[in-house]
Amino acid sequence: MPSTIAKLIKFVLMSATLGEFQTERGHKTRGALNMWLNSPFGTGKTSLITPLAQESLAVFVHDYTVAGLVGTIKRTGLATIGEIRNLADKTAILEEFQNAPKTSRAVLLSLMEEHSYSRVLGFEILKPECIEEEGFVFKAVGTRLSIQLRASFIVLSMTYHTPSMLENALLSRCIPVFLDTSVDEQADLFVKGHSVQVKASEVKRAREELKGLSVLVKAKVREKIAKKYRKAEMKPEYLTRAMWDYVRVSFLTAYENGQNEITKETIEETEWLIKVQQLGYAKRTLTKSAYEIYLMLANSDEPLTASEIATKMNFSREHTSRILNELVKRKLAKKVQVSKNVRYFVEKEEETEKAEEEEGE
């Protein structure tokens, strides 16, 4: 799995217990980071995530029926609570989410964005039910059911033909990553397998330390992040969502660096995320190897030769050259002749003037 995508998955896991981000004016948004990973059948998505579930970092949602997910409620009170109770303070893994019933999708989409869900029942409950646990609240009172859930989400799908309304709902709630595959990668998967290399102890410690935390995002920080998106190639309707995900990743990066707030350095360190978002919001697919090389070039301060890339990635020169030619053909990378060498690079966003960057510091 590309190291940058693995880092993104780790951040999703870490953020499961994070409370919220807020501005000076009181605007609040969820703390949890969500991800939508879309790739063809047989590319190892489930085997990639399964070790995370075995470490109790994630929970697979297998039953999308309302009874299995939420539970069953009778006039006389609560009968059962579904799988949703087991998701508290963890990362929910939603496989083939587009096949879930409409009501269950509505529940999960609401929890994904608002961390809460409420609806009116078709009857009045004679015996009120109220269950409050860490990261989870379930109330059935009168004619209303309400749920609060603190969790992060990873949505896995293997089809690119998700219904348009669901697709837009996921794009507005998740960082989208669309992967393809190749013969070389499938052979490598068969021989070596792959999984996300995450230390469970680190994730569990982060979840404990970040639990319920409310983070103030100052105007100066938001201004610096907004400047990063002035030249971003994505539809305007995605920008606000993209910027808040930038906030989430920047804060988690700062946390990993031993800091308790977003700094100028962590904002710069998170710039790779814009490239991921541009690809995802446009639903552009790359193989895992191409994704890795593309992000390496995007993060590099200077153009690299095919040999340099192959060495750093531990790929064969032939395999690397094929990927680079494909990236150039798709206008995701450019090549330039420097002396006797052909070098490759990804065009960076135009930087704002230094005075503008330092304004108000």
Quiz item: Only one residue in THR270, THR311, THR287 is at pLDDT 90 or above and outside the structural domain of ARG343 (by TED's automatic domain parsing), so which one is that?
Solution: THR270
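Residues to consider are GLU292, GLU269, GLU318, GLU261; find the one that is loosely packed, with under 14 Cβ neighbours inside 10 Å and either of a type outside the set (Lys, Arg) or touching a residue at least 24 places away in the same chain (Cβ under 8 Å) (or both).
GLU318
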Quiz item: In this structure, is GLU114 surrounded by fewer than 17 Cβ atoms within 10 Å (Cβ to Cβ), in the same structural domain as GLY19 (by TED's automatic domain parsing), on the phi > 0 side of the Ramachandran plot and not polar (S, T, N, Q)?
Solution: no
Quiz item: Cβ-Cβ below 8 Å, separation at least six or inter-chain, first residue in the range 135-146 and without any contact (Cβ under 8 Å) to a residue 12 or more places away in the chain, second not in a strand (DSSP E or B): which pairs?
Solution: LYS139/PRO128
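Please list, ordered by residue number, the helices (runs of 4 or more DSSP H) wholly in the range 268-313 having 3 or more residues that are under 22 Å from ASN341 (Cβ atoms).
Per the criteria, 288-299, 306-313.
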Exercise. Could you tell me which of the residues VAL137, VAL183 is among the aliphatic types (A, V, I, L, M) and surrounded by 13 or more Cβ atoms within 10 Å (Cβ to Cβ)?
Key: VAL137
Quiz item: Which of the residues that make up the range 128-146 are of a type in the set (D, E, K, R) and under 16 Å from LEU87 (Cβ atoms)?
Solution: GLU132, GLU133, GLU134
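Among the residues in the range 22-33, are any at pLDDT 90 or above, closer than 30 Å to GLY142 by Cβ, hydrophobic (A, V, I, L, M, F, W, C) and assigned to a loop (DSSP other than H, G, I, E, B)?
Within the range 22-33, one or more residues are at pLDDT 90 or above, closer than 30 Å to GLY142 by Cβ, hydrophobic (A, V, I, L, M, F, W, C) and assigned to a loop (DSSP other than H, G, I, E, B).
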Exercise. Specify the residue that is surrounded by the most Cβ atoms within 10 Å (Cβ to Cβ); the eligible residues are those in the range 117-134 that are assigned to a strand (DSSP E or B) and in contact (Cβ under 8 Å) with a residue 12 or more places away in the chain.
Key: TYR117
Quiz item: Among the numbered criteria (1) more than 17 Å from the chain's Cα centre (by Cα); (2) farther than 29 Å from LYS204 by Cα; (3) without any contact (Cβ under 8 Å) to a residue 60 or more places away in the chain, which single criterion is violated by GLN278?
Solution: (1)
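The values are calculated or read from the model by the stated rules, or taken from the named source; none is laboratory data. Keep in mind that this is a model prediction, so the values were computed, not measured. Here Cβ is always computed from backbone atoms with ideal geometry, including for glycine, and neighbour counts include all displayed protein chains.
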